[in-house]
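Single-structure report; data block below.
The values are calculated or read from the model by the stated rules, or taken from the named source; none is laboratory data. Computed from a predicted structure; not experimentally measured. Glycine gets a Cβ as well: all are built from the backbone with ideal geometry, and neighbour counts include every protein chain shown. The accessibility values were calculated without ligands, DNA or RNA, using every heavy atom of the protein model including side chains. Shrake-Rupley method; radii C 1.70, N 1.55, O 1.52, S 1.80 Å.
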Amino acid sequence: MKELAALMLLKIAGKSGSAEEITAVLVAGGGVADEAAISTLLEDVGDKDLSALLATGMEKLKDVPMGGSGGGGSSGGGGGGGDAAEAEEKVEEKAEEEEIDMGGGMSMFGEEEGGGGGDY
């Protein structure tokens, strides 16, 4: 992927995108050039127009299902019945739990509230 990114940067800059140029970009960015990956990329892409490759890729992506409802899972079918009621009860139990004030006048740091024992 980093090789492809370097090639795209070079093409945008108006360079040819040779193996040496890709290597120089990767090294300048603090990376290590993988010669096998660069040669495979250049064999696959070669002298093809970058804009045409991107347009072809976008055409392919339009058929990929994306998005969705974004909501949680949907409920299952109407099969079991009994298990659904138990699960709903457990959810309600968790929703009803609250923090209980145990009294005692303790602050979150373990000292008595209003005791004036701190620097604050």
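Accessible surface for segment 8-54, divided over its residues, is 64 Å² per residue with a 1.4 Å probe.
Computed from phi, the 3J(HN,Hα) profile of segment 44-58 under the Karplus parametrisation 6.51, -1.76, 1.60 (θ = phi - 60°) reads 6, 8, x, 9, 5, 6, 4, 5, 5, 5, 5, 5, 5, x, 5 Hz, with x in place of Gly and Pro. Each Lys or Arg adds one and each Asp or Glu subtracts one; over the other residues with Cβ under 10 Å from the Cβ of ASP34, this totals -1. Can you work out the PRE-style zone for LEU9? Point 7 Å along Cα to Cβ, and I want the residues of segment 28-49 with backbone N under 15 Å. Counting only backbone N, you get 28-34.
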